[in-house]
């Protein structure tokens with residue numbers, strides 16, 4: 001008598017591949033929990049949802065089908081990149097529909113993150129941000145801002161919305177001429193240069209991406225701002241000196257929660273004890289959750305999108321500051337990503353020439369899945385304003401934030 | 001040979017009272033950590049701070065002096081109430097100066113709170129809120145709002161600022177006619193009635209203070225709103241039904257952190273899963289800390305002012321909602337309390353006639369210490385707006401919150 005197979009597929013495949021495909025297909029369809037998505041196999045077998053489908057996923061071979069059952073998020077992403085799986089219809093709507101159907105369900109988290117060392121942090125950053133300034137220039141706005149924009153109206157252009165974001169952050173920070181600002185993680189330098197130009201402050205901006213630093217320094221020199229804006233090659237742990245204002249846009253996601261108290265300690269150490277104030281802008285969540293395994297492996301190694309409940313005690317209690325204002329700009333990030341994805345698609349050809357087909361598919365899926373995650377509420381975008389409790393210059397209401405149009409958006 | 005006394009004072013008092021008084025005075029002075037406060041004893045001995053003093057504390061007997069060293073907060077409050085200690089100069093400035101000097105230092109917390117049962121919650125509430133509507137009417141605004149007001153300008157009257165607060169909360173809640181609102185802890189009913197009158201919603205408002213419920217129901221009947229506003233005698237745990245909007249102003253402080261998940265579960269159970277939204281307004285802190293032992297024993301038994309880092313995971317993650325907006329209105333509460341304290345002082349005579357001298361001093365100290373705590377940043381006032389992630393009606397920016405003047409403030 002043959003021993004009973006632990007895993008029915010392997011033995012069953014040998015004598016009845018058709019039955020196994022059917023079993024996998026129905027299992028996969030159940031995993032989707034009613035999401036309006038049609039599944040189709042290489043042999044034209046298909047599973048159609050109860051609701052009219054928003055898109056069809058074509059699985060091109062049996063190995064992919066089986067992997068989708070075992071590690072859905074990782075297998076979907078890798079098969080999409082490799083072309084072993086094709087989406088017919090709107091990719092973003094498909095991903096949104098799946099997010100909504102799976103909301104709050106057990107999912108497939110990435111491997112547990114190890115706290116980043118300065119070296120591993122640099123490696124993680126290198127993978128993503130050092131892909132080449134020419135690549136990012138093709139689909140970001142003209143100021144190269146790679147974080148959530150602020151759309152005063154949904155019809156604003158991406159350029160307007162990114163300028164408004166920079167200015168909105170400056171208003172929340174209540175910059176006044178002569179303020180000393182420290183920026184932790186400065187991308188290609190857009191905010192640092194905007195603050196110096198428009199608000200007459202001096203900025204020391206820290207970054208560990210070589211390509212971004214090179215670009216930012218060149219731009220500062222070209223605009224004659226090198227004396228007022230210093231771009232420092234250094235991890236947030238190396239931040240020193242003293243500042244009136246501390247700002248960090250889209251960097252906290254690369255600080256592991258295990259290091260939040262260290263980050264908060266840095267803020268406490270450098271921020272003026274009496275009138276110091278600041279802002280953190282980061283991708284977050286409603287409840288603690290890791291990025292899925294595909295994002296964790298292929299897009300943002302080591303990254304984590306925290307809840308406010310993790311950031312406030314972890315970072316801001318350690319920094320000895322009061323939370324003054326929190327704003328959730330989630331819909332703005334969904335729209336920002338729509339702009340990025342559209343521009344990315346418009347420049348597929350040069351991007352394919354720089355990299356290859358698989359890269360184009362990988363990045364399309366990343367941008368589309370991020371857009372879907374913000375649209376469905378799996379991800380949030382928080383701006384947290386804070387200040388020393390001794391700061392009495394805080395305005396009486398938030399009305400002034402909205403009193404005037406934003407620089408550059410007229 | 002006599003055994004060495006464990007506590008030097010008791011034996012020393014017997015032979016050299018003068019030396020002991022001096023020792024206690026200098027010890028007490030050191031406890032103040034440089035606060036600009038002059039200490040004076042019954043025998044005219046005194047300790048004068050380095051900085052010009054904002055006020056003098058006159059300690060009228062040795063027992064009080066010793067108690068001040070052992071349990072400073074409790075002894076100060078009890079001796080002030082009993083008249084065994086007198087403050088010469090500005091009480092609020094004195095308390096503010098002490099708060100500032102002691103910020104972040106070990107302090108004297110109240111006894112550990114036991115999680116409130118429905119019965120103990122009712123007892124705790126009775127002690128404070130059932131002192132008589134006539135008493136509160138003497139020093140609250142005309143609408144009887146006993147929570148932080150919203151001053152569009154610091155020169156607004158308390159009446160204007162309380163009306164503006166009610167309206168500001170309604171705007172943050174995006175009330176539309178026909179909405180079903182649940183209010184947890186409704187005081188004398190001002191918000192519930194404002195929402196029904198100005199926004200055409202129906203309200204079920206829960207409370208466990210008999211005196212407040214009686215007042216609120218009478219007012220609803222008088223204003224012909226009994227069909228649209230129901231005041232329910234019930235603890236938050238008893239809230240049932242279904243609502244579009246959930247609001248709670250100044251009630252969370254009476255829910256112990258151990259019960260936050262229960263409170264969040266109540267919100268989750270009653271709030272519409274698609275478009276539901278809400279707001280929590282509560283006294284909070286930058287870092288976890290109990291109320292001091294005098295407040296805990298004599299003013300707010302069982303109460304706790306939480307950090308955002310306690311409320312967001314505890315209540316709102318359990319409620320399955322996204323944080324949309326957090327605003328810290330700390331300066332507004334300091335100003336609200338200044339108005340209350342001024343009115344309270346203006347009505348000392350009738351209040352003394354209702355109660356007694358000790359009551360007047362107790363409440364003066366409570367209002368003054370609360371004002372000082374908000375002014376110095378020991379206490380914060382948070383308004384947290386939240387919503388279901390499926391709610392897509394959220395406005396694009398916060399600009400509309402500030403677009404029009406508030407009802408009733410013109």
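The values are calculated or read from the model by the stated rules, or taken from the named source; none is laboratory data. Owing to the predicted nature of the structure, the values given are computational and were not obtained by experimental measurement. Note that we place each Cβ from the backbone using ideal geometry, even for glycine, and neighbour counts take in every protein chain shown.
If the condition is being within 14 Å of chain A (Cβ to nearest Cβ), surrounded by fewer than 22 Cβ atoms within 10 Å (Cβ to Cβ) and assigned to a loop (DSSP other than H, G, I, E, B), then region B:147-160 contributes B:152, B:153, B:154, B:155, B:156. Kindly provide the set of residues from region B:42-65 that are within 31 Å of the chain's Cα centre (by Cα) and outside any loop (DSSP other than H, G, I, E, B), ordered by number. Residues satisfying the conditions are B:55, B:56, B:57, B:58, B:59, B:63, B:64, B:65.
Taking the condition more than 14 Å from every other protein chain (Cβ to nearest Cβ), modelled with pLDDT of 95 or more, part of a helix (DSSP H, G or I) and farther than 29 Å from residue A:388 by Cα, does residue A:163 pass? Against the criterion (more than 14 Å from every other protein chain (Cβ to nearest Cβ), modelled with pLDDT of 95 or more, part of a helix (DSSP H, G or I) and farther than 29 Å from residue A:388 by Cα), residue A:163 does not qualify. For residue B:393, the test of being buried (at least 20 other Cβ atoms within 10 Å of the Cβ) and assigned by TED's automatic domain parsing to the domain that holds residue B:132 is failed. Restricting A:225, A:280 to residues that are crowded, with 18+ Cβ neighbours inside 10 Å and away from chain B (no Cβ under 14 Å) narrows the list to A:225.
Looking across region B:309-324 at every residue that is at the interface with chain A (Cβ under 7 Å from one of its Cβ atoms) and farther than 19 Å from residue A:329 by Cα, the one that is surrounded by the fewest Cβ atoms within 10 Å (Cβ to Cβ) is identified as B:313. Just one of the listed residues (A:286, A:357) is in contact (Cβ under 8 Å) with a residue 60 or more places away in the chain, closer than 29 Å to residue A:96 by Cβ and buried (at least 24 other Cβ atoms within 10 Å of the Cβ), namely A:286. Just checking, which of A:352, A:297 is more than 9 Å from chain B (Cβ to nearest Cβ) and within 21 Å of residue A:125 (Cα to Cα)? That would be A:297, the only listed residue that is more than 9 Å from chain B (Cβ to nearest Cβ) and within 21 Å of residue A:125 (Cα to Cα). Go through region B:268-277 and give me each residue that's in a helix (DSSP H, G or I) and within 13 Å of another protein chain (Cβ to nearest Cβ). Across region B:268-277, the qualifying residue is only B:268.
The requirement of being within 26 Å of residue A:287 (Cβ to Cβ) and surrounded by fewer than 20 Cβ atoms within 10 Å (Cβ to Cβ) is satisfied by residue B:240.
Evaluation of residue B:289 against the conditions (1) farther than 22 Å from residue B:207 by Cβ; (2) modelled with pLDDT of 95 or more; (3) within 14 Å of chain A (Cβ to nearest Cβ) shows that the sole unmet condition is (2). With respect to residue B:83, is the statement that it is surrounded by fewer than 16 Cβ atoms within 10 Å (Cβ to Cβ) and either closer than 18 Å to residue B:294 by Cα or over 28 Å from the mean Cα position of the chain (by Cα) (or both) true? The answer is yes for residue B:83. Put simply, of B:298, B:332 the only residue that is in contact with a helix residue (DSSP H, G or I) (Cβ under 8 Å, 6 or more places away or on another chain), within 25 Å of residue B:119 (Cβ to Cβ) and in the same structural domain as residue B:373 (by TED's automatic domain parsing) is B:298. Within region B:180-188, the presence of a residue that is surrounded by fewer than 19 Cβ atoms within 10 Å (Cβ to Cβ), in a loop (DSSP other than H, G, I, E, B), in the same structural domain as residue B:133 (by TED's automatic domain parsing) and modelled with pLDDT of 95 or more is excluded. One residue stands out in region B:325-342 among those that are surrounded by fewer than 22 Cβ atoms within 10 Å (Cβ to Cβ) and at the interface with another protein chain (Cβ under 8 Å from one of its Cβ atoms): the one that is farthest from the chain's Cα centre (by Cα), namely B:325.
If a residue counts only when it is closer than 23 Å to residue B:279 by Cα, which helices (runs of 4 or more DSSP H) contained entirely in region B:302-410 have at least 3 such residues?
B:308-311, B:330-346
If you filter region A:104-136 down to residues that are touching a helix residue (DSSP H, G or I) at 6+ places or on another chain (Cβ under 9 Å) and modelled with pLDDT of 80 or more, you find that the one that is nearest to residue A:208 (Cα to Cα) is A:128.
Between A:18, A:77, A:34, the distinction of being assigned to a helix (DSSP H, G or I) and at pLDDT below 95 belongs to A:18 only.
Among the conditions (1) over 17 Å from residue B:363 (Cα atoms); (2) surrounded by 17 or more Cβ atoms within 10 Å (Cβ to Cβ); (3) free of Cβ contacts under 8 Å to residues at least 12 places away in the same chain, residue B:75 misses just one, which is (1).
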